[in-house]
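Bear in mind these aren't lab numbers, they're just calculated from the coordinates by the rules spelled out. The shown structure was predicted, so the numbers you read here are calculated from the model rather than taken from an experiment. Neighbour counts run over all protein chains shown; Cβ positions are idealised from the backbone, glycine included.
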Amino acid sequence: MKKHFLPTALLLLVLVAVAHGQTVTLPNPLGGTNSIMDILNKILDALIIFAAPVVTVVVVWAGFMFLRVGEDPENITRAKNTIIYAVVGYGIILIAKGIGAIIQSLFSQ
């Protein structure tokens with residue numbers, strides 16, 4: 001019951017204010033974003049910043065996998081696939097940023 005008290009109280013406060021004819025303004029929690037494209041760009045920028053070191057670590061880890069596999073073809077294939085998946089995943093993130101820029105340029109004309 002205690003978990004739902006604060007959201008319920010805030011909703012009730014907003015409803016009471018609206019019922020009395022007052023305007024309720026809520027601050028934008030995302031900062032200076034005014035459109036969906038701004039939100040998409042912020043998300044993609046954060047994703048690129050987060051994914052770059054992750055891809056680096058995964059590729060280095062796959063390199064160590066290559067060093068310790070020996071002659072087992074299954075482990076060699078696993079190491080190759082790890083590198084491919086990491087690079088393709090980062091490529092998809094970069095392509096998404098490009099597609100977002102293309103969509104933004106199409107709708108801003």
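Summary table
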{"read-out": "Length gained when the stretch Leu26-Val69 is fully extended (0.36 nm per residue, less Cα-Cα span)", "value": "9.8 nm"}
{"read-out": "Given charges at beta-carbon only (K, R positive; D, E negative), |dipole| of the chain in Debye", "value": "300"}
{"read-out": "FRET efficiency estimate (nearest 0.05) - Cβ-Cβ, Leu6 to Ile43, R0 22 angstrom", "value": "0.20"}
{"read-out": "Among 46-53, 67-74, the order from most to least packed when residues are scored by Cβ within 10 Å on average", "value": "46-53, 67-74"}
{"read-out": "Cα lying deepest toward the dipole's positive end in the chain, options Phe64, Ile93, His4, charges on Cβ", "value": "His4"}
{"read-out": "Largest-first principal axis extents, alpha carbons of the chain, Å", "value": "77, 50, 18"}
{"read-out": "Span-like helix ranges in the chain, DSSP H, alpha carbon extent 24 angstrom or more, Kyte mean at least 1.0", "value": "36-68"}
{"read-out": "Cα convex hull of the range 55-109 - mean projected area over all directions, nm²", "value": "4.0"}
